[in-house]
1. ASP81 is checked against (1) at pLDDT 80 or above; (2) touching a helix residue (DSSP H, G or I) at 6+ places or on another chain (Cβ under 7 Å) and fails just one. What number does that condition carry?
2. Test of understanding: among GLU87, GLU140, which residue is under 29 Å from SER211 (Cα atoms), of a type outside the set (A, V, I, L, M, F, W, C), open to solvent by 20 Å² or more (accessible area, probe 1.4 Å) and away from the ligand (no atom under 16 Å from the Cβ)?
3. Hey, does the stretch 178-185 have a residue that's modelled with pLDDT under 95 and surrounded by 19 or more Cβ atoms within 10 Å (Cβ to Cβ)?
4. Applying the selection to the stretch 156-189, what residues are closer than 12 Å to VAL125 by Cα and within 16 Å of the ligand (Cβ to nearest atom)?
5. Tally up the residues in the stretch 253-264 that are outside any loop (DSSP other than H, G, I, E, B), open to solvent by 40 Å² or more (accessible area, probe 1.4 Å) and in contact (Cβ under 8 Å) with a residue 12 or more places away in the chain, please.
6. Only strands (runs of 3 or more DSSP E) wholly contained in the stretch 336-412 count here; list those with 2 or more residues that are over 29 Å from LYS443 (Cβ atoms).
7. Which one of these is touching a Ser or Thr at 6+ places or on another chain (Cβ under 9 Å), open to solvent by less than 50 Å² (accessible area, probe 1.4 Å) and at negative phi: PHE271, PHE250, PHE300?
8. Kindly list, by first and then second residue, each pair from a residue in the stretch 353-382 that is at positive phi to a residue that is not in a helix (DSSP H, G or I), limited to pairs with Cβ atoms under 7 Å and residues at least 6 apart or on different chains.
Amino acid sequence: MIQNNIRNVAIIAHVDHGKTTLVDEMLKQSGTFRSNEQVDERVMDSNDLERERGITILAKNTSIMYNDVKINIIDTPGHADFGGEVERIMRMVEGVLLLVDAFEGPMPQTRFVLKKALESGVKPVVVINKIDRPDARCDEVIDQVLDLFIDLEADEHQLEFPVIYTSAKQGIAKYELNDEHQDMKPLFEMILREVPAPEGTSEDGLQLVISSIDYDKYVGRMGIGKITRGKIKKNQEVVLCTAAGEFKNFRVSKLYNFQGLSKEEIDEAAFGEIVALSGNDDINIGETICSTDKIEPLPFIKIDEPTIAMNFIVNDSPFAGREGTFVTSRHLKDRLEKELLSNVALRVEETDSADSFKVSGRGELHLSILIETMRREGYELSVSRPEVIMKHIDGVVHEPMEHVTIEVPEEYMGIVIETLGQRKGEMVNMITNSNGSVKLEFKIPARGLIGYRSEFLTDTRGNGILNHIFDGYAPYKGDIKSRLRGSLIAFESGTAVTYGLYNAQERGTLFISPGTEVYEGMIVGENARAGDMAVNVCKRKQLTNVRASGSDDSMKLTPPAIMTLEQSLEFIAEDELVEVTPKSIRIRKKLLD
Ligand code: GDP
């Protein structure tokens, strides 16, 4: 059966190519709005910060009625991807609108996301926007899109993509440039014709995969996803198939679909439709909801693991917070918990201090976006420097690895290869594109990427694109030497690991440089400034193999690169010890002799 009155499409666009204007115009012209209702200037991505960084972070649903067909439009992050978000969005749709500026052409920043869309097999429709621009060069831009699709190894059927020309600003869409159309009708028609209607059956048992999470203070946690089979009713008893493989029955308390920009309560929906439902506060992204008579979960979409952690700490100054709002640890905790509802690749843990929370995410960019968003909301907080999350596998310390994809004009290739090499990156692929740019792929320890993004932007004068995805854990690779001035010992379940860390002077948190004699209190444990201890220990033991060298070369600790807590105790004089617990050692303030 085909659900002919529904079309589900995702929209992919480089920032500023006109996505917001286009969706606004579609809403206006479809009559989704009553005539007296004003369309908000920015419907799709309201977050200023996303705009500044040239990315959209959260997928948002909009739906438009056209000739009795419901078109669900889902926003897709144009460039970054945190934790497999794009794969999840692609599960909800049958087609994707690739929106491209008629002068600028397809931008490399969208490549990564587009590749994932094409891999998922959805039908692309290419929308060439801003055709009213005097410098529009539509034919060339279409050729560039074709080259890009070939380069991204699109399927043959995807290479025969339909093209539509639009001026979102003027509210016009055309099949051919010299058509006389004065409205967006051709775009609606094109979507109806080219994007396959969802296929399935409403007779069989319900199956629905949760692709995103929403939260409403009255309704609670809601799961959003596409019904892939059967139908769902309000008050129906259903089964939640969890990531852990459990089956949990619950009753659907509220059911919604999307109409225009809002959610509307409904009693029933059938396969092909995208719905939001409440009734179970434990619902998670990637889980399947089934009817009780046919429990068949779909494969779980893996959410990339967090690899970088930072402590978010309440700023305890009485002047903290804007407009007199004093941020307490309770505020901070509530805010972080709210974030967890929709930011799936994020983890939050309490720490020994009530004022500090350990927040882990998919890299520095992921966490820094959250920090800036919170600061704009008025949360005054301090954060610790980022640290990678290590793991013990078979008694060996493992560290998270990332697969990095970089695109740069050829002239910057050398500096990128050199710098990532120093950061223990291993080049695994290099492709020269036809347009004078190169694509480089590396495998690199996640810690090698700490602080790299800004260096990369400087090195490539803003002309480079950097993406990374989690690539599993690998045995710890030893110090990273280049441009590093610090060193750190982190303790995890009784084992200390020494590794180099980024530029201590710039970050200002790590207190190590050659000739440093005076030590502040040294706390060795999860929040260790433990490089201090490394130097201390090695100096006292006169370990000759240790170099604590200057400016641009890191201190290199040879023996012992890895030591257990017990072993490290041997290096500490009794009068220095303050406290020893199974997980940490605390050392007294000390003047080195
Ligand atoms: P988004 O970042 O993709 O959501 O892009 P916006 O919709 O915010 O548009 C970015 C800029 O391009 C704005 O200044 C729009 O007015 C302008 N714009 C959007 N569509 C068109 C168009 O069809 N023609 C022209 N000339 N400008 C457009």
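The values are calculated or read from the model by the stated rules, or taken from the named source; none is laboratory data. As the structure is a prediction and not an experimental result, all values here were calculated from the model. Because the Cβ atoms are built from the backbone with ideal geometry, glycine has one as well, and the counts that use them run over all protein chains shown. Just so you know, the surface numbers come from the protein's heavy atoms only, side chains and all, with ligands and any DNA or RNA stripped out. Shrake-Rupley method; radii C 1.70, N 1.55, O 1.52, S 1.80 Å.
1. Failing condition for ASP81: (1).
2. Within the list GLU87, GLU140, the selection yields GLU87.
3. yes
4. The answer is VAL163, ILE164, TYR165, LEU187.
5. Final tally of qualifying residues: 3.
6. Those strands (runs of 3 or more DSSP E) span 356-361, 381-383.
7. Only one candidate passes the filter, namely PHE271.
8. Cβ pairs passing all conditions: GLY363/THR307; GLY363/ILE308; GLY363/HIS468; GLY378/GLY321; GLY378/THR325.
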